[in-house]
Amino acid sequence: MYLAITQALEKPPTFAELQALAAEHDVRINGNELAGDFCHPGPEQPKVTGHYDFQPNGDLRGDFTGQVMGKLAGRFALTTGNAEIIITERSFLLPEAILKSTLSAALRDFCARFGVAE
């Protein structure tokens with residue numbers, strides 16, 4: 001199962017911007033401006049975990065695994081001009097249309113915060 005969601009993005013967030021956003025949403029980051037791990041809401045019973053890497057050009061790439069009506073897994077890329085979430089695994093209990101709609105709205109909100117590419 002492969003599902004890609006993309007949105008225009010002026011520029012990827014910096015590590016400091018990512019830390020501020022994470023704090024607002026109870027996401028814990030264990031890492032630095034190069035790479036690290038994240039989890040939500042906490043390491044004792046995470047619903048979502050993942051890894052991120054900042055590339056030398058400022059792009060941000062990573063992967064995640066979560067429990068949303070079953071397993072949800074994928075990867076993400078935030079680059080100058082484009083934000084993309086790719087779902088590589090999802091539970092059959094989670095309808096594709098609902099997942100796509102929910103993730104599209106969340107990605108649109110995220111990109112609006114960091115500037116939508118013209």
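The values are calculated or read from the model by the stated rules, or taken from the named source; none is laboratory data. As the structure is a computational prediction, the values presented were derived from the model and not from experiment. Every residue, glycine as well, gets a Cβ built from its backbone with ideal geometry; the counts of neighbours run over all protein chains shown.
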task: Confirm whether Ala73 is within 22 Å of Gln19 (Cβ to Cβ) and surrounded by 14 or more Cβ atoms within 10 Å (Cβ to Cβ).
output: no
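Out of the residues in region 1-15 that are over 19 Å from Ala112 (Cβ atoms) and either in contact with a Ser or Thr (Cβ under 6 Å, 6 or more places away or on another chain) or of a type in the set (A, V, I, L, M, F, W, C) (or both), state the one that is modelled with the lowest pLDDT.
First pass over region 1-15, keeping only residues over 19 Å from Ala112 (Cβ atoms): 1-4, 15.
Then keep just the ones that are either in contact with a Ser or Thr (Cβ under 6 Å, 6 or more places away or on another chain) or of a type in the set (A, V, I, L, M, F, W, C) (or both); that gives 1, 3-4, 15.
On the way: Met1: 68, Leu3: 93, Ala4: 95, Phe15: 95.
Out of the qualifying residues, it is Met1.
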task: Give just the number: which of (1) farther than 14 Å from Leu3 by Cα; (2) loosely packed, with under 14 Cβ neighbours inside 10 Å; (3) of a type in the set (Ser, Thr, Tyr) does Thr65 not satisfy?
output: (2)
task: Could you tell me which of the residues Ala97, Ala112, Ala22 is free of Cβ contacts under 8 Å to residues at least 40 places away in the same chain, in a helix (DSSP H, G or I), touching a Lys or Arg at 6+ places or on another chain (Cβ under 8 Å) and of a type outside the set (Phe, Trp, Tyr)?
output: Ala22
message: Checking the conditions here, which among Pro95, Pro41, Pro56 is at pLDDT below 90 and out of contact with any Asp or Glu (no Cβ under 9 Å at 6 or more places or on another chain)?
response: Pro95
task: Enumerate the pairs (first residue in region 75-92 and at positive phi; second residue anywhere and surrounded by fewer than 16 Cβ atoms within 10 Å (Cβ to Cβ) and in a loop (DSSP other than H, G, I, E, B)) with beta-carbon separation below 9 Å, excluding pairs fewer than 6 apart on the same chain, so at least 6 apart or on different chains.
output: Gly81/Ala8; Gly81/Glu10; Gly81/Lys11; Gly81/Ala117
field: Pairs, first within 18 Å of Asp109 (Cα to Cα) and acidic (Asp, Glu) in region 1-16, second at pLDDT below 95 and crowded, with 17+ Cβ neighbours inside 10 Å, C-beta under 7 Å, six or more apart
entry: Glu10/Phe114
field: Where Tyr52 falls short, out of the listed (1) of a type in the set (Ser, Thr, Tyr); (2) buried (at least 16 other Cβ atoms within 10 Å of the Cβ); (3) over 23 Å from Ser101 (Cα atoms); (4) in contact (Cβ under 8 Å) with a residue 60 or more places away in the chain
entry: (4)
